[in-house]
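The block underneath contains the structure these notes are about, expressed in structure tokens.
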Amino acid sequence: MIGSFRKGAAFLVAAAACLHAASAPAQSVVDGSGGDLPDSVRQEIFELVTDDFRDPMSSQFRRLQRGGKPNVYCGEVNTRNMYGAYVGFKPFMVALDPTSKSVDIIPSDDGRPKVSGAEVRTKLQAMKAAGCRFGAK
């Protein structure tokens, strides 16, 4: 009887671990872009972009690309808000200069402070000037 209890308990532990692993969110590139970027660069982009997100591991990326300037990378990111709903893809630009790193994201409804339309336009212009391309492929 004790042996069957142990087998049953082991089965439940294994099943719970499988379910947890299957449901664990992970950052992902949803359109296959950025395949030409080294894994270390992609990982650094993911970490910098999602640093202030409520749920960084559930973030989705698309349109990952090199910018027109050295060490500049661009793309779009989708994250969850405080209610657990995705907010929609927003443009971002990351500069991985060896001496300093920076990230610029068009804000969304993810809990960060809102910015004006003029600030959004200024950020988009800076991103385009750095060689970032957004919108339909």
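The values are calculated or read from the model by the stated rules, or taken from the named source; none is laboratory data. None of these values were measured; they are calculated from a predicted model. Accessible surface areas use protein heavy atoms only, side chains included; no ligands, DNA or RNA. Shrake-Rupley method; radii C 1.70, N 1.55, O 1.52, S 1.80 Å.
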Filter region 81-101 down to the residues that are assigned to a strand (DSSP E or B) and either more than 20 Å from ASN71 (Cα to Cα) or under 15 Å from the mean Cα position of the chain (by Cα) (or both) and list them by number.
TYR86, LYS90, PRO91, PHE92, MET93, VAL94
Working only within region 76-89, note down all residues that are of a type outside the set (A, V, I, L, M, F, W, C) and open to solvent by 60 Å² or more (accessible area, probe 1.4 Å).
ARG80, TYR83, TYR86
Within region 30-75, track down each residue that is open to solvent by less than 60 Å² (accessible area, probe 1.4 Å) and hydroxyl-bearing (Ser, Thr, Tyr).
SER33, THR50, SER58, SER59, TYR73
